[in-house]
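Below is one structure, written out as structure tokens; the observations come after it.
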Amino acid sequence: MTASSSQSAMRSRTVGEIATTLPGATAVFRAFKIDFCCNGDLALDGAARRRGVDLAELEGELAGLSTDARADADPAIMDSGELIDFIQARYHAAHRQTLPELIKLSRKVEAVHRENPQVPAGLADVLQLLENELELHMSKEEATLFPAMRDIAGNDLAAAIGELRHEHDGQGDALRRMESLTDDFTLPEGACRSWQALYAGTARLAEDLMEHIHLENNILFPRFAATESRA
């Protein structure tokens with residue numbers, strides 16, 4: 001396959017598929033601000049146009065990725081039970097641990113620096129709402145959907161999966177509000193240590209949540225597409 005035909009093939013694939021099958025692609029997408037979780041069904045060229053990034057540059061970064069990632073570290077090849085365990089241990093636990101501290105830190109920064117025009121006014125409220133919605137979301141997964149996925153016989157998962165996909169869209173909206181309020185987590189000159197810690201923490205939260213949604217939307221949920229399609 002020539003370089004030209006390879007690029008043509010890449011740009012017609014969805015970003016969700018690329019993120020799932022090409023090791024390192026999620027880091028590239030984050031760097032280019034490409035939404036591979038909630039909008040994973042967009043083709044690469046369409047996603048690049050939506051974000052206003054150079055398609056050739058994006059393709060070049062993806063083409064340079066190694067495909068020799070360790071298979072045992074790849075969630076895409078875990079069985080569903082292993083993947084569910086990984087999601088709960090890696091992401092559910094992390095969200096529950098980090099969000100309360102980020103909310104406190106944000107309220108402190110907003111109060112102490114309220115006269116600074118670059119203060120992320122309203123960020124604490126966004127984080128609080130996200131925490132509330134995520135806790136309900138994760139609790140539903142842990143109490144109903146994940147157990148049903150472990151024992152699929154006799155369970156119709158269409159409604160539950162559809163509802164959770166919709167909730168993922170809302171979480172994606174919260175991420176975009178966080179990015180807007182923080183100017184993509186860009187610190188102002190002379191930012192105090194609390195402000196630095198806040199932006200480092202919220203940037204990590206954003207990365208974790210995007211990966212979390214990606215694993216569910218693009219890897220876990222499609223495994224149950226047969227039951228989902230019966231709705």
Item to complete: Could you please give the count of residues in the range 113-130 that are assigned to a helix (DSSP H, G or I) and open to solvent by 70 Å² or more (accessible area, probe 1.4 Å)?
Response: 2
Worksheet item: Checking Ala43 against (1) open to solvent by 80 Å² or more (accessible area, probe 1.4 Å); (2) in contact (Cβ under 8 Å) with a residue 24 or more places away in the chain, which test does it fail?
Response: (1)
Discussion item. Given the criteria more than 20 Å from Leu42 (Cα to Cα) and touching a residue at least 40 places away in the same chain (Cβ under 8 Å), does Asp151 qualify?
Written reply: no
Worksheet entry | Extreme residue, most open to solvent (accessible area, probe 1.4 Å), among residues of the range 20-40 that are among the aromatic types (Phe, Trp, Tyr) and either over 20 Å from Gly52 (Cβ atoms) or touching a residue at least 24 places away in the same chain (Cβ under 8 Å) (or both) | Phe32
Worksheet item: Here are Glu133, Glu110, Glu142: which of them is within 19 Å of Gln88 (Cα to Cα) and open to solvent by less than 70 Å² (accessible area, probe 1.4 Å)?
Response: Glu142
Discussion item. Against the conditions (1) touching a residue at least 40 places away in the same chain (Cβ under 8 Å); (2) open to solvent by 50 Å² or more (accessible area, probe 1.4 Å); (3) in a helix (DSSP H, G or I); (4) over 12 Å from His214 (Cβ atoms), where does Leu62 fall short? Just the number, please.
Written reply: (2)
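The values are calculated or read from the model by the stated rules, or taken from the named source; none is laboratory data. Being a predicted model, the structure only gives us computed values, none of them experimental. Virtual Cβ from ideal backbone geometry, glycine too; neighbours counted across all protein chains shown. What goes into the accessible areas is simple: the full protein's heavy atoms, side chains included, and nothing from ligands, DNA or RNA. Shrake-Rupley method; radii C 1.70, N 1.55, O 1.52, S 1.80 Å.
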